[in-house]
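The values are calculated or read from the model by the stated rules, or taken from the named source; none is laboratory data. What you see is a predicted model; the values in this text were computed from it and never measured. Glycine gets a Cβ as well: all are built from the backbone with ideal geometry, and neighbour counts include every protein chain shown.
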Amino acid sequence: MLRDFSESSRQKLLGLVSEVENEKLCDFTDWVGDRWLDFEQFIGQLNIKKYINNVNDYHKKVIDKNNATQSSINKIFNDVAKVDNTYYNVFTNIDFLN
């Protein structure tokens, strides 16, 4: 499995968040839709293996189900970048010492 935290991946996810937000009619219909996605997950239909040919549809459903926001996506990517920079410095120092 590839974990892609590139800027292009961030922009794709932010675009999916915008699509989900634009499709929302009201809080009640969002809640009903989330319960349907909970049910799909419970019976095994909301599974990445079922969306192998269209991962964006899977991501869009998960974003909707979890009510992800652009700020939550940005926080995840920023946190990953911080960890990446921290370990880059650690490994650079180890390589330098050897």
Condition check for Phe39: loosely packed, with under 13 Cβ neighbours inside 10 Å, of a type outside the set (D, E, K, R) and modelled with pLDDT of 85 or more: yes
Subset of region 7-31 (residues that are touching a helix residue (DSSP H, G or I) at 6+ places or on another chain (Cβ under 6 Å), without any contact (Cβ under 8 Å) to a residue 60 or more places away in the chain and over 14 Å from Asp57 (Cα atoms)): Lys24
Kindly check whether there is at least one residue in region 78-98 that is free of Cβ contacts under 8 Å to residues at least 40 places away in the same chain, in contact with a Leu (Cβ under 6 Å, 6 or more places away or on another chain) and either closer than 21 Å to Phe5 by Cα or surrounded by 13 or more Cβ atoms within 10 Å (Cβ to Cβ) (or both). no
Here are some conditions: (1) at pLDDT 90 or above; (2) surrounded by 13 or more Cβ atoms within 10 Å (Cβ to Cβ). Lys75 meets all but one. Which one does it not meet? (2)
Using the structure shown, decide if Leu46 is surrounded by 11 or more Cβ atoms within 10 Å (Cβ to Cβ), under 21 Å from Ala81 (Cα atoms) and aliphatic (A, V, I, L, M). no
Candidate set from region 8-29 (those that are assigned to a helix (DSSP H, G or I) and of a type in the set (A, V, I, L, M)); member that is surrounded by the fewest Cβ atoms within 10 Å (Cβ to Cβ): Leu14
